[in-house]
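Read-outs throughout are calculated quantities, based only on the coordinates presented, and are distinct from any laboratory measurement. Note that the structure is a prediction, hence the values are computed from the model and not measured. All Cβ positions, glycine included, derive from the backbone under ideal geometry; neighbour counts span all protein chains shown.
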Amino acid sequence: MKDNDFYVTGIALSQFVYGAEALGIAGKETVKQAGLSDEHLLPTARVPEAQYEMTLLRLILASKNDSFGVDIGQQLMPPLYGVLMSLAFSSPTLGEAPKNMARYQGLASGNCGGINYQVAGPTVELSVAMTHKNLVIRRNMAEFVVTLYCGLLRLISTRPDLSPNHVWLEHTPYSDAARRRMESIVRCPISWSAGHTRMEVSRDIHELPIYGHGDENLRLARQLAQQQLQELDKRASSVESIKWHARELMLSGAPRRDVVAKRLGVSTRTLDRRLKDAGISWQELLDGLRVQLAIEYLSDLELTVAQIAEKLGFTEIRAFQRRFKTWTGMTPSAYRKQLLG
């Protein structure tokens with residue numbers, strides 16, 4: 001799978017955007033700066049990974065604190081998660097709740113991440129995987145997931161005293177304050193710089209019953225989750241075709257809507273309608289492709305910034321530099337330096 005095939009859904013974007021706004025950060029304005037729109041905040045919207053990461057980096061920078069992921073993870077917002085939260089509350093035991101959510105996790109994380117929940121003897125392990133390569137995003141995302149899980153554990157069980165046995169985090173603590181903050185959330189030993197992110201929970205916690213659950217509610221929640229996944233796949237089939245042709249044309253020049261429409265055997269009006277149904281405009285699609293190609297090109301040291309600008313259809317290097325800074329908050333040279341470590 002290519003990098004530009006990765007996406008999250010509007011649920012994942014909404015958690016960080018609305019969470020940031022609760023912290024006094026202009027979340028929706030940041031969404032627009034990343035080339036996205038309010039429609040990308042809808043639950044079944046597909047948000048390209050590059051623009052999602054761009055949004056997160058801007059929000060992290062605006063937060064000016066060492067524990068942004070923790071701050072967002074503490075803001076458990078059940079309405080945002082819709083059917084996923086219904087799956088959790090309809091489960092018979094505390095262990096079945098994350099298992100059911102993990103089964104349909106694509107409704108939030110798309111194909112950019114995954115959670116594996118596995119019973120291992122007297123304990124249960126929850127491991128976290130993600131496609132994000134940016135270390136700042138990975139750190140904040142890992143701390144967000146761990147914090148969110150601990151909050152969910154306590155919310156569903158109505159037991160604020162519950163905690164994992166142990167937590168492993170792939171990164172080092174950003175600061176002593178960030179380390180203490182994380183320890184106060186999980187209330188258990190943490191192994192830092194572990195190279196992976198996972199949690200261990202006792203089998204007793206896993207088997208705690210959830211009072212008020214119902215088999216029929218769980219069946220209906222699973223049915224709705226499956227329908228939403230199918231809707232995401234349906235939207236993807238049309239948009240990915242448009243994106244594929246637009247990208248191919250972009251490699252040799254400026255892609256035009258009428259040319260893409262002709263290739264697909266539809267009118268430009270139909271093409272626009274398909275994009276609108278998927279929650280994205282033609283210009284947003286082009287911006288997403290340009291930033292993805294720009295990042296790909298910047299990883300090739302044989303290409304100068306001027307050559308990359310020309311490849312992307314910019315007549316002046318300064319225009320490309322301004323546009324790239326709008327997309328990422330950094331100049332192409334600064335981004336290349338960070339990309340290559």
**Report entry** Full-stretch length increase - Gln223, Arg180 - with 0.36 nm per residue and alpha-carbon distance subtracted
**Finding:** 11.3 nm
Query raised in the report: When the helix-only estimate is applied to the chain (DSSP H runs of n ≥ 4, each -39,500 (n - 2.57), divided by the residue count), what is the mean residue ellipticity at 222 nm, nearest 500 deg cm²/dmol?
Result: -18000 deg cm²/dmol
**Report entry** Most fluctuating residue given options Gly73, Gly253, Gly151, as computed from a GNM of the chain linking Cα atoms under 10 Å
**Finding:** Gly253
Report task. Place +1 on the Cβ of every Lys and Arg and -1 on the Cβ of every Asp and Glu in the range 230-339, take the dipole about the Cα centre, and give the residue among Leu285, Val239, Thr268 whose Cα lies farthest towards its positive end. Result -> Thr268
Query raised in the report: To the nearest 20 debye, what charge dipole does the range 230-339 have about its Cα centre, counting +1 at the Cβ of each Lys and Arg and -1 at the Cβ of each Asp and Glu?
Result: 300 debye
Query raised in the report: What's the local net charge at Lys32, with K and R +1, D and E -1, over the other residues with C-beta under 12 Å away?
Result: -3
Query raised in the report: To the nearest µm²/s, what D does Stokes-Einstein give for the range 230-339 at 10 °C and 1.306 mPa s, using the Kirkwood radius over alpha carbon pairs as Rh?
Result: 107 µm²/s
Report summary line: GNM on the chain, Cα springs under 10 Å; top mean-square fluctuation among Glu125, Glu200, Glu316 goes to Glu316
Query raised in the report: How many percent of the alpha carbon pairs in the chain exceed a separation of 35 Å?
Result: 26 percent
Query raised in the report: So if we plug the beta-carbon distance of Leu61 and Ala254 into 1/(1 + (r/R0)^6) with R0 = 30 Å, what FRET efficiency do we get, rounded to 0.05?
Result: 0.45
Query raised in the report: Assuming R0 = 35 Å, what is the FRET efficiency of Leu301 and Ser127, from their Cβ-Cβ distance, to the nearest 0.05?
Result: 0.50
Query - Cα centroid separation, the range 66-140 to the range 169-186 (Å) - result: 19 Å
Requested in this report: Using a Gaussian network model of the chain whose springs link C-alpha atoms within less than 10 Å, name the residue from Gly121, Gly19, Gly95 with the highest mean-square fluctuation.
Outcome: Gly121
Requested in this report: About the Cα centre of the range 105-218, how large is the charge dipole given +1 on each Lys and Arg Cβ and -1 on each Asp and Glu Cβ? Please answer in debye to the nearest 20.
Outcome: 500 debye
Report task. Treat every Asp and Glu Cβ in the chain as -1 and every Lys and Arg Cβ as +1, leave all other atoms uncharged, and give the resulting dipole magnitude about the Cα centre to the nearest 20 debye. Result -> 800 debye
Requested in this report: Write out the trypsin sites (Lys or Arg not before Pro) in the range 38-124 meeting two conditions: DSSP loop, and at most 12 other Cβ atoms within 10 Å of their Cβ.
Outcome: Lys64
Report task. Note down the nm distance, to one decimal, between modelled labels 7 Å out along Cα→Cβ at Asn111 and at Lys325. Result -> 3.5 nm
